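Everything below concerns the one structure shown next.
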Amino acid sequence: MVFVFDGARTELSGLAGELVVPPEWLAEIAPDALKRQFARTPYAVSFQAGETTVILVTLHVLYGKAAVEREPELAAIARWLADWARQENRWHHNLVVLGDFNIDRQGDALWRAFTSTGLVVPPALHEVRRS
C-alpha cells in the first residue's frame, strides 16, 4: 500500500493502521458474514494541511459469487466508518473513503447498506455504473 502526496503542502499526521471490527459486532452483522474480519482489511492514514486533517481509508469489498454476499461487509464497514466519523467530527477531521466498493448501482441493496448509516456518496458518482 502506497499513499503519494506532496510533502510541501501536506504531512502525515500520525495515524496509520488497519481497521478491524470489534468482536461484539460480529453477531450483530450476520452469522458468519465476515469470517471474523473484513475480507480485505481496510487501511487508514491521516494527513494534515494547515489546520485541516484528512483521514483516508482504502476499501476493497469482497466481490463474491453474488451481490448478496457483499451486503454484510458493506453494512459493517458503513457502521464502522459512521461511528468513527462521529468521533472524528469532534476534532473537525475529514474522513474520506476510497477504493472498490463493488456496489452495482445507486439505490440497490448494496448502495442502501453502504449509505444506511449516513455515509454520503458524492453526486458525481451517483450515475456511475459501478463503484
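We did not get these values from a lab; they are worked out from the coordinates using the rules stated. Here the structure is a predicted model, which is why all the values come from computation and not from measurement. Using ideal geometry, Cβ is built from the backbone for each residue, glycine included, and neighbour counts are taken over all protein chains shown.
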Among (1) assigned to a helix (DSSP H, G or I); (2) among the small types (Gly, Ala, Ser); (3) touching a strand residue (DSSP E or B) at 6+ places or on another chain (Cβ under 6 Å), Gly99 falls short only on (1)
Filter pass, Ala124 being over 14 Å from Ile55 (Cβ atoms), in a helix (DSSP H, G or I) and in contact (Cβ under 8 Å) with a residue 12 or more places away in the chain:
no
Val97 being under 9 Å from the mean Cα position of the chain (by Cα) and under 19 Å from Thr10 (Cα atoms):
yes
Would it be correct to say that Arg79 is basic (Lys, Arg), assigned to a helix (DSSP H, G or I), surrounded by fewer than 16 Cβ atoms within 10 Å (Cβ to Cβ) and without any contact (Cβ under 8 Å) to a residue 60 or more places away in the chain?
no
